[in-house]
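The values are calculated or read from the model by the stated rules, or taken from the named source; none is laboratory data. All figures in this text were calculated on a predicted structure; none of them were measured in a lab. Cβ coordinates were reconstructed from backbone atoms using ideal geometry, including for glycine residues, and neighbour counts include every protein chain displayed.
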Amino acid sequence: MSAGRRDLSLLAAGQAVSVAGDSAALVALLLRLRPDGSGWVAALLAAELVPFVICAPLSGRIVDHTETRRVLLIALLGQAVVAVPLAVFGHPGITVVLFAVLNALSTLVRPATSTLVPAAVGPQHAARGYARLATGAGLGFIAGPVIGGMLTGVAGSTATLLIDAATFLVLSGFVALVRARRPPAGSGKQRHARAWAGFALLWRSPVLRIALGVSAIASGCAVVDNVAAPFRLIDQLGTDDLGYGLYLTVWGAGSLFGVQVIPRLSVRLQPELLATGNLLMGSGIAAIGLVPDFGLALAASALGGFGNGLANVAQNALIAGHTPADQQGRAFAAAGATMQAAIGVGTAAGAPIVTGLGAGYAMAAAGALAAAAALAGLVGPSAHGRAPRTCPASGAASLDAHPRA
């Protein structure tokens with residue numbers, strides 16, 4: 001096995017373990033806060049998103065100006081430490097604050113992991129690398145929610161969250177074995193670039209300015225699902241904690257299939273694939289809000305998950321393929337902040353929408369709006385003015401969360 005494939009396998013395996021723990025933990029936290037009302041559920045989801053907006057400029061600079069594997073190891077160990085008091089203290093306010101700190105560290109983990117992929121396998125194989133990484137995450141997401149629902153029902157949320165703390169240590173062990181290195185940006189103009197340079201990279205690319213903009217709007221609408229789903233599935237469709245975990249697992253299974261599409265299609269279709277993924281995701285969410293029983297909700301979840309996986313890999317491949325190698329930390333952080341800001345708006349709107357419309361109609365309306373936004377991107381000018389597929393380290397060419405996987 002080549003060094004690049006070995007490193008990718010380590011990262012993918014670590015992703016599987018970590019995402020399984022994170023998915024189980026999110027189920028445990030949502031179920032922990034559900035008796036306190038939709039406001040606390042929305043606050044928890046906001047605590048997952050807001051750090052990505054606030055910390056993105058600093059996180060991107062750190063990833064670009066520090067050896068990337070070192071950043072990843074330090075952030076993962078920090079997450080393991082924070083996860084322990086998150087497990088122990090059950091007060092809603094403390095839970096939300098600690099969850100925000102955990103995700104502040106994720107603003108380093110996500111761009112660092114994303115930038116290590118082309119460093120390990122080469123820019124020309126980045127799309128396949130992201131698909132492999134997303135496959136590991138998808139496997140973790142399949143197992144995690146069911147485990148989370150089962151453990152929370154049997155042993156309580158504390159045990160589930162302590163297991164999540166252990167998965168951060170497992171992932172850090174995998175990362176320690178990775179041989180690939182992405183050295184810090186050299187001295188000069190790139191090292192002294194402004195904190196918001198990543199957003200300028202995204203804006204200067206006609207492809208990414210339109211494709212990611214439409215995707216952010218679609219995801220901001222779709223994220224109402226995260227607030228509404230526990231109430232829709234448990235209160236309206238009559239399932240239980242385990243059934244809610246199964247629903248999330250089916251979403252993950254659909255996402256797992258979706259991530260396999262990108263490497264098999266032309267990279268010139270990536271903007272259309274991003275829009276198509278968001279269209280399918282929105283359609284699935286709308287169907288979940290309208291179907292009459294839990295079985296059909298699972299089928300709709302598979303469709304939405306497929307679109308979610310397709311969109312996530314297409315987005316990562318687009319960014320890596322249109323960004324100079326020494327600025328990818330900023331670019332991934334800025335893209336994550338853009339998506340999370342849109343999702344944060346949708347999350348903040350989730351509680352009043354669910355209260356006003358009811359969980360089912362809220363999901364139907366949110367999914368329909370997401371699908372409409374994605375359709376506008378699919379038939380609009382998103383494919384115009386494409387830049388070359390990859391850009392060298394010199395930077396000659398132009399330039400996570402989606403709601404779920």
### Query
Thr323 fails exactly one of the following numbered conditions: (1) at pLDDT 80 or above; (2) buried (at least 24 other Cβ atoms within 10 Å of the Cβ); (3) not aliphatic (A, V, I, L, M). What is the number of that condition?
(1)
### First in the stretch 234-250 and over 21 Å from Leu303 (Cβ atoms) and in a helix (DSSP H, G or I), second anywhere and hydrophobic (A, V, I, L, M, F, W, C) and at pLDDT 85 or above, Cβ under 8 Å, 6 or more apart
Asp235/Ala359; Asp241/Ile234
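For Gly153, are the conditions met, namely being modelled with pLDDT under 85 and either more than 29 Å from Val88 (Cβ to Cβ) or not in a helix (DSSP H, G or I) (or both)?
Working: modelled with pLDDT under 85: yes; either more than 29 Å from Val88 (Cβ to Cβ) or not in a helix (DSSP H, G or I) (or both): no.
No; evaluated as a whole, the condition is false for this residue.
crowded, with 22+ Cβ neighbours inside 10 Å and touching a Cys at 6+ places or on another chain (Cβ under 6 Å): is that true of Ala366 in this structure? Reasoning before the result, please.
Values: crowded, with 22+ Cβ neighbours inside 10 Å: yes; touching a Cys at 6+ places or on another chain (Cβ under 6 Å): yes.
Yes, satisfied.
With the requirement that a residue be part of a helix (DSSP H, G or I) and either of a type in the set (S, T, N, Q) or surrounded by 23 or more Cβ atoms within 10 Å (Cβ to Cβ) (or both), what does the stretch 1-10 give you?
Filtering the stretch 1-10 down to residues part of a helix (DSSP H, G or I) leaves 3-10.
Of everything in the stretch 1-10, those that are part of a helix (DSSP H, G or I) and either of a type in the set (S, T, N, Q) or surrounded by 23 or more Cβ atoms within 10 Å (Cβ to Cβ) (or both) turn out to be Asp7, Leu8, Ser9.
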### Query
Within the stretch 353-391, restricting attention to residues that are in a loop (DSSP other than H, G, I, E, B) and among the small types (Gly, Ala, Ser), which residue is modelled with the lowest pLDDT?
Ala387
